[in-house]
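S.K.: Handing you this structure, nothing more for now.
Values in this text are rule-based calculations from the coordinates and carry no lab data. Remember, predicted model here, so these are calculated numbers, not experimental data. Reconstructed Cβ throughout: ideal geometry from the backbone, glycine too, with neighbour counts over all protein chains shown.
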Amino acid sequence: GFRCGDKKGKTAETLSYAQAGYVAVAINYRLTPANATDAALRTAAQAMATIDLQDAIRFLRANAVTYGIDPNRISTIGGSAGGGASLINAVTANDGFPPEVTKDLPPAYATGDARVQAAISSGATLIDEQVNNTSSLLTFDSGDAPSLILHANPQDPATGATWSGNVLPTQAMFRNAGAVCEVVPTPAGVHV
């Protein structure tokens, strides 16, 4: 929910990717604790988390040689709010949020390319009723990163998001713009 969390607890997951031969990085992003009841604050929380993700991608791409990264093969994966940021970045990468969303936010730290070659989300979509639909703030096009959404079917127990009301409409926005988005159902009653 962009309210709490810390990636220090993700050491085992990050290590499992590294052991499989990937360069894996778990990033923290700014949190906004009281965003659940204020649409403007929730929108700003999503924007700040995505800006932080984009800055991390730009930093890693700029320092690719140092960290042994192929700058042409960067993907994001996240669960819950991190999954939302992964999907938002798939759409906004270098375009950003509309100025009316970011006008009062600190500017992005880094310059460079924040595009990724793939985005994976578990437990998140781009339909967020708490902000009067996040997707209305985004401009989809055929250059958006190919995306994969893993989501509970018929409903996510933590967010209340549904397969027919949130997952499939998110997929349709990507596809209607000519971008790739695949969806995979996860067991009912499980927030992944």
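S.K.: Identify, among G178, F59, S135, the residue whose Cα sits farthest towards the positive end of the charge dipole of the stretch 56-183, taking +1 on the Cβ of Lys and Arg and -1 on the Cβ of Asp and Glu, with the dipole about the Cα centre.
M.R.: So the residue we want is F59.
S.K.: Give me the log10 of I(q) over I(0) for the stretch 80-151 at q = 0.13, 0.23 Å⁻¹, as the Debye formula computes it from C-alpha points; what are the numbers?
M.R.: Result of the Debye calculation: -0.38, -1.16.
S.K.: Considering only the stretch 50-163, what is the antiparallel percent among its DSSP beta bridges, to the nearest 5?
M.R.: Around 10 percent of the beta bridges assigned by DSSP in the stretch 50-163 are antiparallel ones.
S.K.: Something else: How big is D for the chain, in µm² s⁻¹ as a whole number, if Stokes-Einstein is applied with the Kirkwood radius of its Cα pairs at 4 °C and 1.567 mPa s?
M.R.: Result for D is 77 µm²/s.
S.K.: Over the chain, what is the mean sequence separation of C-alpha contacts under 8 Å (at least six apart), divided by residue count, expressed as relative contact order in percent?
M.R.: 18 percent
S.K.: Now, a different point. Report for the chain the percent antiparallel among DSSP-assigned beta bridges with both residues inside it, nearest 5.
M.R.: DSSP beta bridges in the chain are roughly 5 percent antiparallel.
S.K.: Show that you can apply the helix-only estimate: for the chain, add -39,500 (n - 2.57) for every DSSP H stretch of four or more residues, divide by all residues, and state [θ] at 222 nm to the nearest 500.
M.R.: -9500 deg cm²/dmol
S.K.: Note down the relative contact order for the stretch 52-116 as a percent, whole number, built from C-alpha pairs under 8 angstrom at least six residues apart.
M.R.: The normalised contact order for the stretch 52-116 reaches 52 percent.
S.K.: Can you give me the P(r) profile for the stretch 105-184? Cα pairs, bins 10 angstrom wide beginning at 0, each as a whole percent.
M.R.: It works out to 17, 46, 30, 7, 0, in whole percents.
S.K.: DSSP loop chymotrypsin sites (Phe, Trp or Tyr not before Pro) in the stretch 1-77 with at most 15 other Cβ atoms within 10 Å of their Cβ, which ones?
M.R.: Sparse-neighbourhood loop chymotrypsin sites (Phe, Trp or Tyr not before Pro): Y22.
S.K.: Which value, in debye to the nearest 20, describes the size of the charge dipole of the stretch 35-192 about its Cα centre when Lys and Arg Cβ atoms bear +1, Asp and Glu Cβ atoms bear -1, and nothing else is charged?
M.R.: The dipole of the stretch 35-192 has a size of about 260 debye.
S.K.: Which of the peptides 173-182, 6-15 is most tightly packed, and how do the rest follow, judged by the mean count of other Cβ atoms within 10 Å per residue?
M.R.: 173-182, 6-15
S.K.: Would you mind getting me the FRET efficiency between A39 and N94? Use the beta-carbon distance for r and R0 = 22 Å, nearest 0.05.
M.R.: Working from the Cβ atoms, E equals 0.30.
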